[in-house]
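Below: the structure, in structure tokens.
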Amino acid sequence: MDPVDRAIINNLQEGLAICERPYLAAAQQLGLGEEELIARLSRMLSENMLTRVGPMYQIERMGGAFTLAALHVSPEDYEQVAQQVNSFSQVAHNYAREHELNMWFVIATETPAEIASVINAIERQTGCQVFNFPKSREYFVELKLKA
């Protein structure tokens, strides 16, 4: 990662302009061309320096839902179960933890009722009980990590 990559990451954490060409606006702020900015973002994504570039939505305001879920997986089955869980388009943010519940992930759905059906499908496919931890309270934490 060079100083330009760092500047891109630090700048884009402030947000992208809502306009016809948001990458052009961001590139101009950084003193870059639009194509160079897009190429650098593509490279950082392909090299896993970044996992995503995009907006954050409050899904509930659009009628959707999300929940934090966890399950216990034996170490020898972990990779297989992780692939099964990750195969669901509604699953994101899958993390291993050193705990009895050693796999944690977020389920995001278009409707609140879909959460239960996704949990049931994951249980059927993996043979593992899914523990559902729906949000009881929300806190805003503006996390920005300086590159």
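The values are calculated or read from the model by the stated rules, or taken from the named source; none is laboratory data. None of the values given here were measured: they were computed from a predicted structure. Don't worry about glycine lacking a Cβ; one is built from the backbone with ideal geometry, like all the others, and counts go over all protein chains shown. Just the protein is used for accessible areas: all its heavy atoms, side chains included, with ligands, DNA and RNA removed. Shrake-Rupley method; radii C 1.70, N 1.55, O 1.52, S 1.80 Å.
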Give me the number: length gained by fully extending Asp77 to Leu16, i.e. 0.36 nm times residue separation minus the C-alpha to C-alpha distance, one decimal in nm. 17.9 nm
Against the 2.2 N^0.38 Å rule of thumb, the C-alpha Rg of the chain sits at a ratio of 1.27
List every residue whose amide H lies under 5 Å from the amide H of Leu101, counting only residues 5 or more places away in sequence or on a different chain, with H placed 1.01 Å from N in the peptide plane. none
Kindly rank 86-95, 34-43 from highest to lowest mean number of other beta carbons found within 10 Å of each residue. 34-43, 86-95
Counting only protein heavy atoms and a 1.4 Å probe, tell me what percentage of the chain's accessible area is made up of carbon and sulfur. 53 percent
Average accessible area per residue (Å²) across the chain - probe 1.4 Å, nucleic acids and ligands excluded: 69 Å²
Amide H of Ala147: which non-local residues (sequence gap of 5 or more, or other chain) have their own amide H closer than 5 Å, using H built in the peptide plane? Asn10
Distance in nm between label sites at Tyr95 and Ala39, each 7 Å beyond Cα in the beta-carbon direction? 3.6 nm
Length gain on complete extension for the stretch Leu68 to Glu114, per 0.36 nm per residue less the alpha carbon to alpha carbon distance? 15.2 nm
Which ³J(HN,Hα) values, rounded to whole Hz and listed in residue order, are derived for the stretch 10-15 from phi using the Karplus coefficients 6.51, -1.76 and 1.60 in 6.51 cos²θ - 1.76 cosθ + 1.60 with θ = phi - 60°, glycine and proline given as x? 4, 5, 6, 5, 7, x
